[in-house]
Amino acid sequence: VNREERFEAEAVPHLRSLFGTAYRMTRSVHDAEDLVQETFLRAFRGFDRFTPGTNIRAWLYTILYRVRTDALRRAGRSPATVELTNDGPAVAPGQDALGGSEDLVRALDALPEVFRVAVILRDVQEFTYEEIAQILEVPIGTVMSRIHRGRALLRITLGGPKS
Amino acid sequence: LNCHPELVTGYVDGALDDLSAAQIKAHLEDCSDCRDQVEFEQSLRKGLRGLSVLEPRGDLRQEILKRSRRRRRRVLRWALPTAAVFVAISILTARTSAGFLAWELVKDHTHCFAPQPLELHVFGSNPESVASWFSEQGNHIPSPPAAAGGLELVGGRRCMLLDFVIVAHLLYEGEHRQASVFVLPNSRAIPDAYATEIGARAVRLVRVGGHTVGVVAETPEDAESFRRALVQSRAWNTLPGPFLTVNALAATIFVRPSGAVAQLGARVNGIHEVTGSIPVSSTKSRQQLTRSPG
């Protein structure tokens, strides 16, 4: 089995999950497509360095996050400083491609990206704290703190009592 | 126990160690705020997990696969041929232009000597011993002159030229001066005799007994001394042809002012191969090595 076939069999099946996360990160279908394409290109180039049998999903998400961080840095921003503008999410309410659970989607989109990513990796993608620490390249304590703050902000947005 | 909302989050996710988890669990018995937090976070997780996932458009997968392949093919299609053409041009130029070869030898000399001298591979003043050491390494060279123009053989090293050919590089040393000899494969396109000056160095390319010999020196007089010594050398003019067409010879001789002596001193410390059959440098050389250049 050559490299291309292995890549197609092991990495490409994660496209759907990566795209979903990329869309939640960027809040734009177009940006999500770019992000995912660049992620797979980098993954393909670095596929020789990936150890078969280890956690390819976490590896792909690590690349995804790095690509996103690089793009933000080029644009003069960083996930830590990305705050929601007054205009609200790029996708207007009601036009969200997901439909349903609109309040939750809006609240999630309104989170600063640094917390949104942590919450998505944990609550949507079900990564462990260790895996998230690897993906975000931060200590586990930071992972816990970001998830906590993300959920606490969601709780406020969704109208619950302050945590 | 006070409230630790972050640890409660960790508790919800089962990410705490046993002790912390037990403490939080005990705390929850008494704290309704933290119980609310647990309840909210658990239902939030359920809600987020239940969000529908936006599907990528159908052809995105094909696009990704196509782009990966294209990227790879592009490298193969352009990078390799470009490199091959570059190498071919280098070889052709190096082998067909005396000027290029002269320039390359001078450059190689500079590279070997300054600012940090490279190590000698073999160290000795006996021409036959040095020649036989090179032969053992696959560079078959005739016995080089023991001395010329007051410069004495002190050793040599194997150098790679731009066309990846490894040549023998012989070093000579004199009163505050230094010299080297390079051995190259046969270069048919080089004229029988060629003289030029590049920078502060005189270069001579000479054919000796079917081989090409390059001489680089600090003065034309020194270059001429070596050219004459090689041309008049019986060993260089009587060697059987077929042997040398496979691995023919060119020599480059350098002479440098006083600074070179100090540099050679540094070389001596760095020797990493000295064959037993080759005597260590002559007393004269040794004196020169320890003497501070004036």
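No value in this document is a laboratory result; all are computed from the given coordinates. Treat the numbers as computed from the prediction; the structure is a model and nothing was measured. Counting neighbours? That spans all protein chains shown, and the Cβs are built from the backbone with ideal geometry, glycine included.
Taking amide hydrogens as placed 1.01 Å from N in the peptide plane, the amide H of residue B:124 sits under 5 Å from those of B:155, B:156, each at least 5 positions away in sequence or on another chain. Taking a Cβ cut-off of under 10 Å around residue B:194, the surrounding Lys, Arg, Asp and Glu residues balance to a net charge of +1, with basic ones at +1 and acidic ones at -1. Peptide A:18-24 shows a mean partner chain C-beta count of 4 within 10 Å per residue C-beta. For residue B:19 and residue A:17, what does the FRET efficiency come to when R0 = 41 Å and r is the distance between their Cβ atoms, rounded to the nearest 0.05? The formula returns an efficiency of 0.75 here. Per-residue extension of 0.36 nm, minus the Cα-Cα distance of residue A:130 and residue A:75, leaves a gain of 16.9 nm for this segment.
Among B:89, A:132, sorting on how many other beta-carbon atoms sit within 10 Å of each Cβ, with the fewest leading, yields B:89, A:132.
For region B:41-51, 3J(HN,Hα) computed residue by residue from phi via the Karplus equation (6.51, -1.76, 1.60; θ = phi - 60°) reads 5, 5, 6, 4, 4, 4, x, 5, 4, x, 4 Hz, glycine and proline entered as x.
Centre-to-centre separation between the Cα atoms of region B:197-226 and those of region A:8-77: 61 Å. Estimate the FRET efficiency between residue A:3 and residue B:232 by the formula 1/(1 + (r/R0)^6), using the beta-carbon distance for r and 51 Å for R0, to the nearest 0.05. Computed FRET efficiency for residue A:3 and residue B:232: 0.25.
Karplus-derived 3J(HN,Hα) values for region B:231-236, using 6.51 cos²θ - 1.76 cosθ + 1.60 with θ = phi - 60°, are 5, 7, 5, 5, 4, 7 Hz; glycine and proline are entered as x.
Each of A:44, B:226 has some number of other Cβ atoms within 10 Å of its Cβ, and from fewest to most they run A:44, B:226.
Which FRET efficiency value, to the nearest 0.05, do you get for residue B:79 and residue B:2 by plugging their Cβ-Cβ distance into 1/(1 + (r/R0)^6) with R0 = 60 Å? Rounded to the nearest 0.05, the efficiency is 0.45. Backbone phi angles across region A:12-23, fed through the Karplus curve with coefficients 6.51, -1.76 and 1.60 (θ = phi - 60°), yield HN-Hα couplings of 4, x, 8, 4, 4, 5, 5, 5, x, 5, 4, 5 Hz in residue order; Gly and Pro are listed as x.
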